[in-house]
Amino acid sequence: MKDPLLVVSDVRVSFLKEHQKRLFGRERQQVLRGVSLALEEGECLGVIGESGSGKSTLGRVLAGLLPPESGAVFINGRNLYGRGKRDAAGPRHGLSVVFQDYTSSVNPRFRVEHAIGESLRALERLEGRVVDKKRRVAELLEQVGLPASCASRYPHELSGGQLQRVCIARAIAVNPRVVLLDEAVSSLDASTQTQVMDLLMELRARRGLSYIFITHDLTCVTYFCDRALFFNAGRIVEQVDDMKNLSRVRDPYARRLLDAVMGIGVQPGDLRRERADLLPAGDGDVMGAAS
Amino acid sequence: MLRQLFKNPMALLCMGVLLFTALLGILAPWAAPNDPYANDILNKFAGPSWQYPLGTDHLGRCVFSRMLFGIRPTLFLSLLTMLGTIGLGVIMGVAAGYFRGVVDEIIMRVVDVMLSFPSQIIILAVVALLGVDIRNVVVASIFIKWAWYARMIRTATIKYTGMNFVLFSRSVGSGNFYILTRHMLPCIAAELAVLASLDTGWAILNISTLSFLGLGVQAPVPEWGAMLNEAKNVMVSNPEQMIAPGVAVVALVGACNMLGDCLRDALDPRTARQ
């Protein structure tokens, strides 16, 4: 069997605390406490967690924006944060990002063609070949289901769904193997969400992409993902390899919190039995962790 | 933003005043009716006439011509000051805000030191140290003023560094230079314009003040502050001598400040709509 496309091994990240107890204190807040995961070719992996659980920090580490304190990220077997020449530029375009907040993810002063052109320019630099930007932008817009006339528009002249499509076009412009979707559909309304997810599935089928889908919305995960990871307080607390298991959950949010508190290794059956006893204490813990 | 600015009559008026003044200054050799240095001692303190539109000063020099030639040091040296200040401030501020870490610490501590001196005193000290010369005044003004800009621009840079479009740009591997020039500078430029137009007024006043004190432009070169200084000597016998340069300085500084306000309104549509 081939190596997985993307491997994250024991990544740890911490930030300096905002409020130090002592002057010049160096207390740190652990945000990621040893995260490991693997993504196979053509797979869609959901990462679910509540606000502040560190899932977006994980996204930043994967996107190459935040070097982890320890651990490593391998894309196509190459270390994303490696120092060697072979490591440096290569994996950059193995992975591409689509952010949650579409209003700030495109520079308001850039036309759509320039926003996508930026990715193409980066691709040119990396591969050292000239890309016919105008034609490629039109192709990409067509692939994400936008008319070519959008190319000369500014971001504020597009709707949220259209803008998110532009972001997707911009992300796939660099020919990535993996696309990281950081809450990519969360700020859209329900019908647009479905449209965008359908588009993503179509692109996946056509281009053989893998997705890492970071979200707090369980329904999106059930609709979209092959596997799911539950994320709490900087750790992966539960892994669902078969989405059929997940679809049995009726009350996703409470159940997810419960799962987060109970930790790994608790079967759904045990959970139902113990829920009544554990809920009060568990609730308190969750509140404590969140604040 | 520009469209909104051009709709505002006050902004148009201010820009008109500034452009007209600048044009007069550039065209001074052709627009002035007399040589600004030519004495006509028999006609000293003459009233307005066809030959001398604003009368003559204590040496019989044409006040109007001196006013026109005085635009050059006043307006253009203040613009030069602002250019230098903004240039230095932008480089330092963007470097500190974008790269953070050690670079940030070093630049910001220098800025802290600069900001802890009173600006007027520092300028006097620098001029005293380097000698009385208008060039030293400009250098001193830049030296003291860049820290304000560096701090302001650093804050704006930090704000935009966290924006998703900059993050995306970094994640696809665009170079720092590209990100700074294509993303950062255009975003900061708008905020910068407000501060710069407000501060141009400050620079005009500053140069006039120092010339008034005899530390900036030296006699007999015409400059508005220096002209006020000469007029001050005859304040009791011929008070009308102070009117022309005084009104001119007020009008020019006022236009700069008003333009700054209008720019700020145009940048923040919420306040403008009320």
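Brief remarks on what is shown
- Number of positions in region A:48-62 that are touching a residue at least 24 places away in the same chain (Cβ under 8 Å) and either closer than 11 Å to residue A:8 by Cβ or in a helix (DSSP H, G or I) (or both): 7
- When the helices (runs of 4 or more DSSP H) confined to region B:141-254 are screened for residues that are within 14 Å of chain A (Cβ to nearest Cβ) and either at positive phi or open to solvent by 30 Å² or more (accessible area, probe 1.4 Å) (or both), those reaching at least 1 such residues are found at B:164-171, B:185-212.
- Count of region B:115-140 residues which are part of a helix (DSSP H, G or I) and among the small types (Gly, Ala, Ser): 4
- Within region A:154-167, residues that are farther than 11 Å from residue A:188 by Cα sit with their Cβ atoms under 8 Å from residues that are among the hydroxyl-bearing types (Ser, Thr, Tyr) and open to solvent by 10 Å² or more (accessible area, probe 1.4 Å), at 6+ positions apart or across chains, in these pairs: A:155/A:103; A:167/A:102.
- Residue match in region B:48-61 (condition: in a helix (DSSP H, G or I) and either modelled with pLDDT under 80 or in contact with a Ser or Thr (Cβ under 8 Å, 6 or more places away or on another chain) (or both)): no
- A single member of A:83, A:78, A:111, A:129 is at pLDDT 80 or above and open to solvent by 20 Å² or more (accessible area, probe 1.4 Å), and it is A:111.
- Answer from A:72, A:63 - the residue that is at pLDDT below 85, over 21 Å from residue A:219 (Cα atoms) and within 13 Å of the chain's Cα centre (by Cα): A:63
- Enumeration of residues in region B:157-187 that are in contact with a Phe, Trp or Tyr (Cβ under 7 Å, 6 or more places away or on another chain) and farther than 14 Å from residue A:63 by Cα: B:157, B:161, B:180, B:183, B:184, B:187
- If you go through region A:91-103 and keep only what is facing chain B (nearest Cβ under 9 Å) and modelled with pLDDT under 80, you end up with A:92, A:93, A:100, A:101, A:102, A:103.
- Filtered residues of region B:168-191 (kept if touching a helix residue (DSSP H, G or I) at 6+ places or on another chain (Cβ under 6 Å) and among the polar types (S, T, N, Q)): B:169, B:174
- Among the residues listed as A:165, A:129, A:170, the single one being within 14 Å of another protein chain (Cβ to nearest Cβ) and not small (Gly, Ala, Ser): A:170
- Looking across region B:66-90, the residues that are open to solvent by 30 Å² or more (accessible area, probe 1.4 Å) and over 30 Å from residue B:181 (Cα atoms) come down to B:69, B:72.
- For region A:200-211, the condition of being among the hydrophobic types (A, V, I, L, M, F, W, C) and touching an Asp or Glu at 6+ places or on another chain (Cβ under 7 Å) holds for none of the residues.
- Subset of region A:160-186 [in a loop (DSSP other than H, G, I, E, B) and open to solvent by less than 60 Å² (accessible area, probe 1.4 Å)]: A:173, A:174, A:176, A:183, A:184, A:185, A:186
- For region A:1-36, the set of residues classified as in contact with a helix residue (DSSP H, G or I) (Cβ under 9 Å, 6 or more places away or on another chain) and either open to solvent by less than 70 Å² (accessible area, probe 1.4 Å) or at positive phi (or both) consists of A:5, A:6, A:8, A:11, A:13, A:31, A:32, A:35, listed by residue number.
The values are calculated or read from the model by the stated rules, or taken from the named source; none is laboratory data. Predicted model, so just to flag it, every value in this text is computed and none were measured. For neighbour counting, all protein chains shown are included, and Cβ atoms are generated from backbone atoms with ideal geometry for every residue, glycine included. With ligands, DNA and RNA removed, areas are computed over all heavy atoms of the protein, side chains included. Shrake-Rupley method; radii C 1.70, N 1.55, O 1.52, S 1.80 Å.
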